[in-house]
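Novice: There's a structure below that I have some questions on.
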Amino acid sequence: MPAGSVWDEVLDTEHAVVVRTYIERWPRKGRPPEKVLIIVVEPDEETRCRCPRCGRRGPVAEVEPGRRWRTLDVHGKRCFLECDLPRIGCPEHGKITAAVPWARHDDRFSMPFEEHAAWTAAHMAWTRAVAELRITWEALASIVRRVTDDASAGTDRLEGLREIGIDEKSWGKGEGKYLTVVTDHAAGIHDVVRARAPQALICLDAFHVVKWAGGRLDELRRRLAAELRAAGCEDQAATLGNGMWALRKDYRKLSPGQRGALAAIAADNKPLYKAYLIKEQLREAFKVKGEDGKKLLRGLIAWAQRSRIPELVKLAKTLTRFRDLIYHTLDGGPSNGRAEALNSQLNALITRARGFRSAAALIAMAHLVHGGLCPDSPYA
Ligand SMILES: [Zn+2]
């Protein structure tokens, strides 16, 4: 086929030379065979037999005949590039499969296909994307990972960074399915931030601080319920169980029934009600902020310390330990609003992919969609 042929133009791959094209018929159950377009290509003189790591040329050791790479569909037909692929001897990297100009090393998809697939993954539900692309979910996940790895390799995505929000994100059911962006038990990460970025002003996110208080409140509720049960007061224990949501939620968001449960706890169970009031005061401190917020915080810490309720004394200790960081937040430090917005966008991603099977897949997807790494589709 002469240079400058139609197929060379169609492929747009600078260093590939089209040798010939043919149609293969793949049998399908209960349907006429699928027609698949095969384009036989060769790397041009300049790119042939080069090491994928260092680009040096090496002698051919052996050849894998007819290796195929899935590339963009042509007229609705699945299309593959085909080439006899040599393994070469690189003086530095030993025996290695030669690089090809149309695909990443050791990949089964061409680069234009991967860019289009990544674009598709970023723009539509994955169930639809994998159906349109005619690839598996796993293949799409690994394409997204390779495209984001490549795109992020050349750029410093932390350049110019001034503020960070640190958060945690659950991405699926079961143990360990969390992206670590820790704020609770945060000493570890704070140490890292202090060591690496001594000029950073660390602020604690209100949501997480209120969550600590909620956790202690739950602990206390469970202990009191167990004690009541042990003493044979099943009814009162049940009231505490029913009051769980009433205690956890923001007072302004309680249903009438929950308000009733809370009133019953206030009447029958003073320690638990005290813990509840302390938690709500903490929430209030973040609402009013500034000096008033700090006053509320100091007050509730003192109140918790005096309570002689072990769960609240523990809470007071934690709050005291992180008091300076909480002050930064109350002084109007950066809010986690942006992190929270990202959090809900991540939820949208998780929904779109109907759950991710690995954290790496979700991280790659987040970088792709929200990290500015999404390539242009050849179709877009
Ligand atoms: Zn090499």
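We did not get these values from a lab; they are worked out from the coordinates using the rules stated. Here the structure is a predicted model, which means the values were calculated and not measured. Don't worry about glycine lacking a Cβ; one is built from the backbone with ideal geometry, like all the others, and counts go over all protein chains shown.
Novice: Cβ under 15 Å from Ala238's Cβ, Ala238 left aside: what net charge do those residues give with Lys, Arg +1 and Asp, Glu -1?
Specialist: Here the count lands on -1.
Novice: Let me ask you something else. Using the alpha carbon gyration tensor of the stretch 228-332, what are the three equivalent-ellipsoid semi-axes (square root of 5 times each eigenvalue), largest first, in whole Å? Walk me through the numbers before you get to the answer.
Specialist: Values: eigenvalues 162, 56, 17 Å².
Largest first, the stretch 228-332 gives 28, 17, 9 Å.
Novice: On to the next question. Quick one: dipole size for the stretch 1-104, taken about the Cα centre, charges +1 on Lys/Arg Cβ and -1 on Asp/Glu Cβ, in debye to the nearest 20. Each step should come with its number before you reach the end.
Specialist: Values: 19 positive and 16 negative charges, 142 e Å.
Charge dipole of the stretch 1-104: 680 debye, to the nearest 20.
Novice: What number comes out for the charge environment of Trp7, summing +1 per Lys or Arg and -1 per Asp or Glu over other residues with Cβ under 13 Å away?
Specialist: Net local charge, Trp7 excluded: -4.
Novice: Another question, then. At 0.36 nm per residue, and after removing the present C-alpha to C-alpha distance, how many nm does the segment from Arg134 to Asp218 gain when stretched out fully?
Specialist: 25.4 nm
Novice: Here's something else I'd like to know. Treating cross-link reach as a plain straight distance, find the lysines whose alpha-carbon is under 24 Å from the alpha-carbon of Lys317, omitting any fewer than eight places away in the same chain.
Specialist: Partners found: Lys211, Lys249, Lys270, Lys274, Lys279, Lys287, Lys289, Lys294, Lys295.
Novice: Which residue, chosen from Cys83, Val17, Val36, occupies the Cα position most advanced towards the positive end of the dipole of the stretch 1-104, where the dipole is computed from +1 (Lys, Arg) and -1 (Asp, Glu) charges on Cβ about the Cα centre?
Specialist: Going by the Cα projections, it comes out as Val36.
Novice: Which of Ser255, Phe322, Gly232 sits farthest toward the positive end of the charge dipole of the stretch 206-330, with +1 on the Cβ of Lys and Arg and -1 on the Cβ of Asp and Glu?
Specialist: Value computed over the given set: Phe322.
Novice: Students often forget the sequence filter, so: which aspartates and glutamates lie under 16 Å Cα-Cα from Lys314 once same-chain residues fewer than 8 apart are removed?
Specialist: In chain and number order, the partners are Asp184, Asp218, Glu219.
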